[in-house]
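The values are calculated or read from the model by the stated rules, or taken from the named source; none is laboratory data. Predicted model, so just to flag it, every value in this text is computed and none were measured. Here the Cβ is made from the backbone with ideal geometry for all residues, glycine too, and neighbour counts use every protein chain on show. SASA here: full protein model, heavy atoms, side chains in, ligands and nucleic acids out. Shrake-Rupley method; radii C 1.70, N 1.55, O 1.52, S 1.80 Å.
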Amino acid sequence: MALELLQSVVDVARAIFGAQASSVFLLDEEAGELVFRAVSGRGEEFLVGRRFPAGRGIAGWVAVSGEPIVVDDLADNPSFDRSLAQSTDYVPDALMAVPLIHGERVLGVLEVLDPAEQARSSLPELDLLSLFARQAATALRFTTSRGGGADGRPTPLAPHRRATALGLVRRLEHLLAEETPDR
């Protein structure tokens, strides 16, 4: 299931960057909204399924521009929508956000909230998150393809491809568990 893959993506991203939270938003082009599809850490109990306008906040800016961003001090960033953050019951101080892009199409946004100090303002770290997002988007393209089946629902990954994708994510999670000290 795509939700299992997305949950693995946010769990691994949160671990890689030592973040308080991580989330994947998918773009609902018809509604013009970003939808929380997976959350790890702060807000994971209640944010999945929540929607907001695609042009709002930093995640909205990333979805519209297709550009990654790292912000060390959100208090001074004019794109940060504090009221939107407050509505999620978590207002971060810093974040990293990258688009999930396949081909020319933005599928959504991968966001890491309050990453560890060493990940902030670091272009190599942002490049790493972007690389991870590209891999996630490649896997997601099968589950978010336009057209989908005859009923309009997304076309699922073939069972062997889904198993391969989940196996790769599980191996990455295992590697991180061995290399990352407990937080």
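Once the 1.4 Å probe is applied to the protein heavy atoms, region 1-40 comes out at 35 Å² accessible per residue.
Which of the three applies to region 48-98, rounded, prolate or oblate, going by the alpha-carbon gyration tensor with a ≥ b ≥ c and a/c under 1.5 meaning rounded? Cα axes put region 48-98 in the oblate bin.
In the context of the full set of protein chains, region 74-119 has a per residue accessible area of 44 Å² (1.4 Å probe).
Taking Asp81, Asp93 and ordering them by how much accessible surface each has at a 1.4 Å probe, largest first, produces Asp93, Asp81.
Under 5 Å between amide hydrogens, built in the peptide plane, is the criterion, and for Glu33 it picks out Asp28, Ala54 among residues at least 5 positions away or on other chains. Atom-type composition of the exposed protein surface of region 1-81 places 48 percent of the accessible area on carbon and sulfur (1.4 angstrom probe).
For region 17-132, a crude dipole built from +1 on the beta carbon of Lys and Arg and -1 on the beta carbon of Asp and Glu, taken about the Cα centre, is about 240 debye to the nearest 20. Classify region 1-144 from the C-alpha gyration tensor, please: rounded if a/c falls under 1.5, else prolate or oblate depending on whether a/b exceeds b/c. It comes out rounded by the Cα gyration axes.
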